[in-house]
Amino acid sequence: MNINRRELMKLSGMGVAGLAVTAPKIRSAFAGDIPQNQLADLSGNENPYGPAPLVREALGGKIEMVNRYFYAKQKELVKQIAEHEGVTTDHIVLGAGSSEVLCASILAYTSSEKRVLTADQSYSAIPAFTNGIGRKVVFVPVDDELKFDLNALYSRINNEIGLVYICNPNNPTGTMVDADKLRDFSASMPKNTIILIDEAYLEFSENFERDTMIDFVKKGHNVIVTRTFSKIHGLAGMRMGYSIAPPNISKNIVSHKMCKFMGPLGVVAASISLKQFEFHEFCRNKAKEGRNLVFNLCEQLGLDYAYGVGNFVFLDPKMPHAEFKKRMKMKGVDTARSFSPRKDWARITIGTTEEMNVFAKVFPEVINSYP
Ligand SMILES: Cc1ncc(COP(=O)(O)O)c(C=O)c1O
């Protein structure tokens, strides 16, 4: 990887003066204003380095495009993604973030009789949306390693399950189920049950090419894989994502989408970002470095943590969540909200190297400060 320190500073928007300079550039995903003392935003599972330099460069000159619709370019992007994933274009559906294709899949494959089956400690937007449209969710607990428990899920499959949602790697735990076991699980599903695999964080893991379930889509199984430009591509604000599914399923997803057209800047950014392999490698390595730092701190402090592979770590700070969050924030570090059912565990997003240095100083102080 040949990003040198100067480039890295440019990438992360940092000046050589260090942390004091970075503070105004950071903001919390859910807060309107930047807190005065914020040194690190480790709350929102975004990519602190993105977007890639070439994407930034291209976007600078494209603002004049936004008075137009951009159907042709959008079609080209679908073609580009299809080539990238090794499928035909009728396998790809673009969405406003992967959220849109996830929600459209739920709309398409649940009903008053058909429920979503998923784990109790996973991406909460899925049950929230399902319940919001008046449909039901069946939960099974995650296993002892906080992974999706495929045997427990299998035992709950019946006529009432329309769709099984598996987040791999899982949010907020970061854990991954073994890809081969997931393939066996998917192959064992009844014909009318859809498996929805959310791979939002997969590209942060080391064996992402081996572990994707896209090969299963190619074989024509009832599998929908979702991907996003919000994470390793660093384009969360652009709202670009897509699903990869057999053509008949993709058609059904499209018919349940709210809007067929994407914003031109997002389309341009995604198209360029898809080719930024070196940048993605850099971000993948940084996420791993950050995870290892957090794992080591947990080991030193005697804290339990989930062995995650995404750009975040889920850990037990051994104090009430509100207390942990408040104490971290007082020292300038924003962390995520609490996640049921492990309400007192904390999710730490991996920030820039500089942010993680702040975390490494502040975290033990906070842990040791609690009686
Ligand atoms: C597991 C998971 N899936 C999907 C999303 C949705 O992301 P987006 O709509 O930005 O692609 C998120 C966002 O944080 C997520 O954590």
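Among the strands (runs of 3 or more DSSP E) contained in region 243-349, which hold 2 or more residues that are within 21 Å of Pro371 (Cα to Cα)?
Passing ranges, in order: 333-335.
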Within region 50-62, restricting to residues that are surrounded by fewer than 24 Cβ atoms within 10 Å (Cβ to Cβ) and not in a helix (DSSP H, G or I), the one that is farthest from the chain's Cα centre (by Cα) is Gly61
Per the list (1) touching an Asp or Glu at 6+ places or on another chain (Cβ under 8 Å); (2) touching a residue at least 60 places away in the same chain (Cβ under 8 Å); (3) not acidic (Asp, Glu), residue check on Gly97 breaks on (1)
Reported set for region 46-66 where residues are among the acidic types (Asp, Glu) and without any contact (Cβ under 8 Å) to a residue 40 or more places away in the chain is Glu57, Glu64
Within region 206-229, of all residues that are closer than 23 Å to Glu289 by Cα and surrounded by fewer than 24 Cβ atoms within 10 Å (Cβ to Cβ), the one farthest from the chain's Cα centre (by Cα) is Arg210
Sole miss for Ser250 among (1) out of contact with any strand residue (DSSP E or B) (no Cβ under 6 Å at 6 or more places or on another chain); (2) surrounded by 18 or more Cβ atoms within 10 Å (Cβ to Cβ); (3) polar (S, T, N, Q) is condition (1)
Those residues of region 63-118 which are within 12 Å of the ligand (Cβ to nearest atom) and either acidic (Asp, Glu) or in a strand (DSSP E or B) (or both) amount to Leu94, Gly95, Glu100, Thr118
Among the residues of region 221-236, are any more than 11 Å from the ligand (Cβ to nearest atom) and basic (Lys, Arg)? no
Selection over region 320-334 where residues are surrounded by 23 or more Cβ atoms within 10 Å (Cβ to Cβ) and touching a residue at least 60 places away in the same chain (Cβ under 8 Å) yields a count of 2
Output for Cβ contacts, cut-off 7 Å, separation at least six or different chains, first residue outside the structural domain of Arg347 (by TED's automatic domain parsing) and of a type in the set (Gly, Ala, Ser) in region 113-132, second surrounded by fewer than 23 Cβ atoms within 10 Å (Cβ to Cβ) and assigned to a strand (DSSP E or B), reads Ala119/Phe139; Ala119/Val140
Check: If you go through region 296-307 one residue at a time, do you hit one that is crowded, with 21+ Cβ neighbours inside 10 Å, in contact with a helix residue (DSSP H, G or I) (Cβ under 7 Å, 6 or more places away or on another chain) and more than 20 Å from Gly50 (Cα to Cα)?
Finding: yes
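The values are calculated or read from the model by the stated rules, or taken from the named source; none is laboratory data. Note that this is a predicted model, so its numbers are computed, not measured. Here Cβ is always computed from backbone atoms with ideal geometry, including for glycine, and neighbour counts include all displayed protein chains.
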